[in-house]
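Have a look at the structure below, then the notes.
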Amino acid sequence: MRTVLCHPYHLVEPSPWPCLGAGGAFFITVGSVMYFHYGLVQIMYLGVLVVVIIMFVWWQDVIRESTFQGFHSLVVKQGIKYGMLLFILSEVLFFFSFFWAFFHSSLAPAVELGVVWPPQGVNPLNSFSVPLLNTAVLLSSGATVTWAHHAIISGKREEAILGLSLTVFLGVLFTGLQGVEYYEAPFTISDSVYGSTFFMATGFHGFHVLIGTTFLIICLVRLKLNQFTSRQHVGFEAASWYWHFVDVVWLFLYLCVYWWGS
Amino acid sequence: MLNNFFYIVNVCGKKDIPESWHLGFQEAAAPVMEEIVFFHDQIMFLLVIIVIVVLWLLVEALNGKYYDRDLIDGTLLEIVWTLIPAVILVFIASPSLKLLYLMDEVVSPALTIKAIGHQWYWSYEYSDYQEETLEFDSYMVPTSDLNSGDFRLLEVDNRLVVPINTHVRILVTGADVLHSFAVPALGIKTDAVPGRLNQAGIFIKRPGTFYGQCSEICGANHSFMPIVIEAVSLDRYINWMLSLSNE
Amino acid sequence: MRLWLAHYWLYIKAHKEMEEGGSQLVLQTAPFDARFPYTNQTKNCWQNFVDFHRCSKKLGEEHESCKYFKRVYTSLCPKGWVDNWNDQVEAGTFPGRI
């Protein structure tokens, strides 16, 4: 079928994914209620599985439309970039609320904590140990992802693959170190508001590192499949923006929660 | 006929209790409540003007007599209809803030009473005078036990006795979940939060019995934990306190 | 500041009169404290409780200064809180530094 386009916009084909994805989300909601009230996890897992599958096939469609069908004109790319930036902005506000909770609880500690921060009886992690190493790991990964970006723009494929692989490795290393740190932490999420804010903030950051790493892995695969050109690599740009955002959140977490908060 | 109308739409409260179809305030018994009533009246004055002007504009617009198909913009008009509401808002905001900070003020109280919200009753503590704190629980009187002339769902077995013409500090907290200590005639409404002490000041100007209710949804019997304040003269308060201390 | 101190002075004086006068009841309560000017009085109660225990450790419970702290925290703190904190002090699990 040939279509003559009189405008630069991409009018998408009808797709089953939004509706099916909503069904998956519904299963997660109902499944969570079943899990919380009756300890029945299967429905929740089914919902998560459906949503993950839908994410995969939906974004697979987006890659087909952009890389293989060429629907992503300059104007479309512009819109996607704005969308990604606004999404990251909304994530910034999401973390803003956790920082608010942290500062609310720590700047004027409640009497139950002994009006001190960290609370009486809570031994915080040493901020100059693994957390400092993690800061170095994440900052280096920010450098390597920029290296990969420049390599893509300059058309140096091998260098780009090396840079991106290093970034993914550093991301996985960070997650591993955080995992060890969590395992060895002398307090839990139920140890006063210190534990609650600490694990809520760092936990959601860790979750975002996992998302960012997955995003970078997808980009690495696409890079190996020759799907990026030096002029057309919006997916990679979005991934690197997201990674830098995760990086900056960590810097604030490190300075406020790990260093100042201990 | 007119009397009947004023009975149904009871704008001006005449008693210290809520009445059927009671839309207005109860008679103020504290200076703070008087200020609140003044503030309400001032806003109503502005509101009546605004509502009449807006209705008039609506009627005129719907009339369809005044139209101008060449009219595209009017900078002056937009400036005017932005500035006028802004000025009106200033006239609402400044007395509102004044009142807000007035209500926060608790100046050199002569006694402290602690009100503690429980599921589902209030308990009160007087601990200014002796080693042993005077404390009692205040439960609602069930409908079956009411006497003639009592108010249903408002009477309690043990009333909170407070002297008149005295600055009283009320400290409110919760024992289990959120509650809220509210007495309309005295102009107070203070949240009862577990683990937190909230302070409110009252100054009652005349003897009387003032009724209030828990004002933060707190569970099944939230509607059945009323507050009754019995305001008495200072002498009677002291006698009451001494008689309880001597027991 | 002067006004605030005047409140303290009147308060202490009134309580002395009350104790000397036997059963006569004097209308006096914890005065305004400029450190806690807000609606939230949690730390006013807490601080006086902690100060009482620090004071008794140093000067003994019966010292005039310590009795002042005790009167203030008794007026401000709900009885349930004080009982709970006293249990914690006895068990050595009170979170404040005494």
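What the table shows:
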{"quantity": "Label-point gap, in nm, between A:F103 and B:W240 - each point 7 angstrom along Cα→Cβ", "calculated": "4.7"}
{"quantity": "On Cα atoms only, tilt of A:130-153 relative to the major axis of chain A in degrees", "calculated": "10"}
{"quantity": "Net +/- balance of residues flanking A:W250 in space, Cβ distance below 14 Å, scoring K and R +1, D and E -1", "calculated": "-3"}
{"quantity": "Options C:P95, B:Y129, B:V141, ranked by Cα towards positive dipole end of the protein assembly as shown, top entry (Cβ charges)", "calculated": "C:P95"}
{"quantity": "Local electrostatic count at C:V89 - Lys and Arg +1, Asp and Glu -1, tallied over other residues with Cβ under 15 Å", "calculated": "-2"}
{"quantity": "Rg over Rh, two decimals, segment A:40-82 (C-alpha only, Kirkwood Rh)", "calculated": "1.25"}
{"quantity": "Proximal aspartates and glutamates relative to A:K156, as straight alpha-carbon distance under 19 Å, when same-chain residues fewer than 8 apart are discounted", "calculated": "A:E237"}
{"quantity": "Nearest-20 debye value, segment B:109-243 charge dipole, Cβ charges on Lys, Arg, Asp, Glu", "calculated": "560"}
{"quantity": "Cα-based equivalent ellipsoid of chain A: semi-axis lengths in Å, sorted from largest, via gyration tensor", "calculated": "38, 25, 16"}
{"quantity": "Positive dipole terminus of chain A, leading residue within A:T175, A:T146, A:L125 (C-beta point charges)", "calculated": "A:T146"}
{"quantity": "Relative exposure of A:L251, A:L93, B:L186, judged by other C-beta atoms within 10 Å (fewest first)", "calculated": "A:L93, A:L251, B:L186"}
{"quantity": "FRET efficiency for B:L97 and B:H40, using Cβ-Cβ distance with R0 set to 22 Å, rounded to 0.05", "calculated": "0.90"}
{"quantity": "Estimated FRET transfer efficiency when R0 is 25 angstrom, pair A:S140-A:T214 (beta carbons, to 0.05)", "calculated": "0.80"}
{"quantity": "Dipole magnitude of segment B:5-153, debye to nearest 20 (Cβ charges: Lys/Arg +1, Asp/Glu -1, about Cα centre)", "calculated": "720"}
{"quantity": "Across B:K189/C:K67; C:K57/C:K79; B:K98/C:K70; B:K114/C:K67; C:K58/C:K79, pairs whose alpha-carbon gap is larger than 29 Å", "calculated": "B:K189/C:K67; B:K98/C:K70"}
{"quantity": "Equivalent ellipsoid, chain B (semi-axes from 5 times Cα gyration tensor eigenvalues, Å)", "calculated": "45, 22, 17"}
{"quantity": "Point-to-point label distance, A:F56-C:A34, nm (Cα→Cβ direction, 7 Å offset)", "calculated": "6.9"}
{"quantity": "Inter-probe distance in nm under a simple model that places probes 7 Å from Cα toward Cβ, at B:L76 and A:K224", "calculated": "7.3"}
{"quantity": "Chain A: most fluctuating residue of A:S90, A:S154, A:S32 per GNM, C-alpha cutoff 10 Å", "calculated": "A:S32"}
{"quantity": "0 to 90° range, to nearest 10: angle between helix B:234-246 axis and chain B longest Cα axis", "calculated": "40"}
{"quantity": "For the protein assembly as shown, radius of gyration divided by Kirkwood radius, i.e. Rg to Rh on alpha-carbons", "calculated": "1.08"}
{"quantity": "Farthest positive-ward along segment B:109-243 dipole, Cα basis, beta-carbon charges - from B:A185, B:W240, B:V172", "calculated": "B:A185"}
{"quantity": "Magnitude of the charge dipole, the protein assembly as shown, Cβ model with Lys/Arg +1 and Asp/Glu -1, debye to 20", "calculated": "1840"}
{"quantity": "Total formal charge among the other residues, if their Cβ is under 14 angstrom from that of A:Y9, Lys/Arg +1 and Asp/Glu -1", "calculated": "-1"}
{"quantity": "Cα-only radius of gyration and Dmax that characterise segment A:1-118, units Å", "calculated": "22.1, 73"}
{"quantity": "Cα-based shape type of segment B:121-247, given that a ≥ b ≥ c are square roots of the gyration tensor eigenvalues and the cut on a/c is 1.5", "calculated": "rounded"}
{"quantity": "For B:L111, residues with placed amide H under 5 Å, excluding near neighbours", "calculated": "B:R169"}
{"quantity": "Near-label residues of segment A:94-133 by backbone N, under 16 Å of a point 7 Å along Cα→Cβ of A:L255", "calculated": "A:96, A:99-100, A:103, A:132"}
{"quantity": "Computed helical MRE - 222 nm, the protein assembly as shown, DSSP H runs ≥ 4 contributing -39500 (n - 2.57), nearest 500", "calculated": "-19000 deg cm²/dmol"}
{"quantity": "FRET efficiency, 1/(1 + (r/R0)^6) with R0 30 Å, evaluated for A:F204 and A:S154 via beta carbons", "calculated": "0.25"}
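A short reminder: the numbers here are calculations on the coordinates, not readings from a lab. These numbers come from a predicted model, not from an experiment. Cβ: placed from backbone, ideal geometry, glycine included. Neighbour counts: every protein chain shown.
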